[in-house]
Amino acid sequence: MAEALIWITGGSSGIGRAMVETVPFSSATVINISRSPCPGVVNLSLDLSDPLSWGKVACSFEREMLSHDGSTVILVHAAATVQPVCFAEDAEHLEAVRSVLLNSAVPQVLGSAFLSATRGRPNLKRVAIFLSSGAASHPYEGWSFYGAGKASIEQWVRTTGAEQRMRGGALLLAVAPGVVDTPMQQAARSAKAENFPQRERFVELHATGQLTDPNSVARRIWSLLYANYPSGSILDLRRL
Ligand SMILES: NC(=O)c1ccc[n+]([C@@H]2O[C@H](COP(=O)([O-])OP(=O)(O)OC[C@H]3O[C@@H](n4cnc5c(N)ncnc54)[C@H](OP(=O)(O)O)[C@@H]3O)[C@@H](O)[C@H]2O)c1
């Protein structure tokens, strides 16, 4: 019997991959959801910017819950994209649509499906952690779709967390991880300055060794499971 059943979106890379590698349970079933696989875990290979994939994730939530008799279920939502990196008026139509679907719609739809599939078991610890960003509240020119996605995550977590507090239900957290050394940061540094005017700031942070290591960030995120933050909390690892 696995103690924990854990879904991680974006477990193929960066922070999501580090979350897979630092799971803090002695026995856990870990399911990665991304387009490319993560070694050593169950993989649901899906493009989450395609709405047809969302029902498949919801089916996985329902199916796995039928046989799970451990103490804990967790959703970590790390999948996201900074693309298209450009001013909104320059965005290519389909790229804008895909970004809005992945960054804004997926966390809400999958978060809701997770809560629905896991409810009704009084002794089950239910946790959903959503990766957010300073871009949720600070305008980075060229990241309008990404920043709006993170802002929508935070308001969804605030509101749904308040609902869950009323019912004594799941713990929902949105967590901004700081500036972490991942392929997403490479994408920020390789953007054209005309499309992303604050690019130099990220180049400088990298050049001066100020990016944090994904595994240490992942361990800090996992430690939030035991920190007693109220459901609906919006956290920034740089300020904890
Ligand atoms: N790195 C930072 O400094 C930083 C700062 C603030 C917030 N964050 C947040 O932390 C989270 C992880 O970021 P990261 O830096 O680790 O990024 P990353 O290395 O680029 O990883 C992004 C992950 O998202 C998955 N993904 C992207 N598009 C997808 C799609 N259409 N369908 C399914 N999965 C998709 C990727 O998997 P596939 O390509 O295999 O599909 C990958 O596993 C993100 O939510 C990001 O916004 C990161």
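Could you count how many residues in segment 147-191 are more than 16 Å from the ligand (Cβ to nearest atom), closer than 14 Å to I129 by Cα and assigned to a loop (DSSP other than H, G, I, E, B)?
Matching residues across segment 147-191 total 1.
Which one of T182, T159 is open to solvent by 40 Å² or more (accessible area, probe 1.4 Å) and under 17 Å from H77 (Cβ atoms)? Break it down into steps so the answer makes sense when it comes.
Numbers: T182 fails: open to solvent by 40 Å² or more (accessible area, probe 1.4 Å).
Step by step, each of T182, T159 is checked, and only T159 is open to solvent by 40 Å² or more (accessible area, probe 1.4 Å) and under 17 Å from H77 (Cβ atoms).
For L115, work out the one condition from (1) open to solvent by 10 Å² or more (accessible area, probe 1.4 Å); (2) hydrophobic (A, V, I, L, M, F, W, C); (3) within 13 Å of the chain's Cα centre (by Cα) it doesn't fulfil.
Condition (3) is where L115 drops out.
Would you mind stating whether K150 is out of contact with any Asp or Glu (no Cβ under 9 Å at 6 or more places or on another chain), surrounded by fewer than 17 Cβ atoms within 10 Å (Cβ to Cβ) and closer than 24 Å to D90 by Cβ? If you could, list the steps in order and put the result at the bottom.
Numbers: out of contact with any Asp or Glu (no Cβ under 9 Å at 6 or more places or on another chain): yes; surrounded by fewer than 17 Cβ atoms within 10 Å (Cβ to Cβ): no; closer than 24 Å to D90 by Cβ: yes.
For K150, the condition - out of contact with any Asp or Glu (no Cβ under 9 Å at 6 or more places or on another chain), surrounded by fewer than 17 Cβ atoms within 10 Å (Cβ to Cβ) and closer than 24 Å to D90 by Cβ - is not met.
Residues S71, S45: which one is at pLDDT 95 or above, of a type in the set (S, T, N, Q), surrounded by fewer than 19 Cβ atoms within 10 Å (Cβ to Cβ) and under 24 Å from L171 (Cα atoms)?
The unique qualifying residue is S71.
The rows are residues; the columns are (1) polar (S, T, N, Q); (2) in contact (Cβ under 8 Å) with a residue 60 or more places away in the chain; (3) closer than 19 Å to V76 by Cα; (4) in contact with a strand residue (DSSP E or B) (Cβ under 9 Å, 6 or more places away or on another chain).
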position: H206; (1), (2), (3), (4): no, no, no, no
position: P214; (1), (2), (3), (4): no, yes, yes, yes
position: I221; (1), (2), (3), (4): no, yes, yes, yes
position: Y226; (1), (2), (3), (4): no, no, yes, no
position: I234; (1), (2), (3), (4): no, yes, yes, yes
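Could you please tell me which pairs satisfy a Cβ distance under 9 Å, a separation of 6+ or placement on different chains, a first residue in segment 114-140 that is at pLDDT 95 or above and of a type outside the set (V, I, T), and a second residue that is within 11 Å of the ligand (Cβ to nearest atom) and open to solvent by 60 Å² or more (accessible area, probe 1.4 Å)?
G134/R238
Can you find, within segment 89-108, the residue that is nearest to the ligand (Cβ to nearest atom) among those that are open to solvent by 60 Å² or more (accessible area, probe 1.4 Å) and in a helix (DSSP H, G or I)? First the steps, then the outcome.
The first filter runs over segment 89-108 and keeps only residues open to solvent by 60 Å² or more (accessible area, probe 1.4 Å), leaving 89-90, 92-95, 98, 100, 108.
Within this subset, residues satisfying the condition of being in a helix (DSSP H, G or I) are 89-90, 93-95, 98, 100, 108.
Details: E89: 23, D90: 21, H93: 17, L94: 13, E95: 11, R98: 7, V100: 12, Q108: 14 Å.
That would be R98.
Only one of A2, A79 is buried (at least 24 other Cβ atoms within 10 Å of the Cβ), touching a residue at least 24 places away in the same chain (Cβ under 8 Å) and in a loop (DSSP other than H, G, I, E, B). Can you tell me which?
Numbers: A2 fails: buried (at least 24 other Cβ atoms within 10 Å of the Cβ).
Criteria check complete, one pass: A79.
Tell me whether segment 206-214 contains one or more residues that are under 22 Å from the mean Cα position of the chain (by Cα), assigned to a helix (DSSP H, G or I) and within 14 Å of the ligand (Cβ to nearest atom).
Yes, because at least one residue in segment 206-214 is under 22 Å from the mean Cα position of the chain (by Cα), assigned to a helix (DSSP H, G or I) and within 14 Å of the ligand (Cβ to nearest atom).
Can you say whether R126 is charged (D, E, K, R), farther than 17 Å from T29 by Cβ and in contact with a strand residue (DSSP E or B) (Cβ under 9 Å, 6 or more places away or on another chain), as far as the supplied structure shows?
Values: charged (D, E, K, R): yes; farther than 17 Å from T29 by Cβ: no; in contact with a strand residue (DSSP E or B) (Cβ under 9 Å, 6 or more places away or on another chain): yes.
Considered against the rule, which asks whether it is charged (D, E, K, R), farther than 17 Å from T29 by Cβ and in contact with a strand residue (DSSP E or B) (Cβ under 9 Å, 6 or more places away or on another chain), R126 comes out as no.
Filtering segment 48-68 down to residues that are touching a strand residue (DSSP E or B) at 6+ places or on another chain (Cβ under 8 Å) and open to solvent by 40 Å² or more (accessible area, probe 1.4 Å), which residue is nearest to Q108 (Cα to Cα)? Steps first, answer last, please.
Going residue by residue through segment 48-68, those that are touching a strand residue (DSSP E or B) at 6+ places or on another chain (Cβ under 8 Å) are 48, 56-57, 60-61, 64-65, 68.
Now restrict to residues that are open to solvent by 40 Å² or more (accessible area, probe 1.4 Å): 56, 64.
Working: K56: 15, E64: 20 Å.
So the residue we want is K56.
Considering segment 215-239 alone, what residues qualify as being open to solvent by less than 90 Å² (accessible area, probe 1.4 Å) and away from the ligand (no atom under 14 Å from the Cβ)? Give the steps one after another, and end with the answer.
Start the filter on segment 215-239 by keeping residues that are open to solvent by less than 90 Å² (accessible area, probe 1.4 Å), which leaves 215-218, 221-225, 227, 229-237.
Residues satisfying the conditions are W222, S223, L224, L225, A227, Y229, P230, S231, G232, S233.
The values are calculated or read from the model by the stated rules, or taken from the named source; none is laboratory data. Everything numeric here is computed off the predicted structure, so don't read it as measured data. Every residue, glycine among them, receives a Cβ derived from its backbone with ideal geometry; neighbour counts consider all protein chains shown. Side chains included, ligands, DNA and RNA excluded: accessible areas come from the protein's heavy atoms. Shrake-Rupley method; radii C 1.70, N 1.55, O 1.52, S 1.80 Å.
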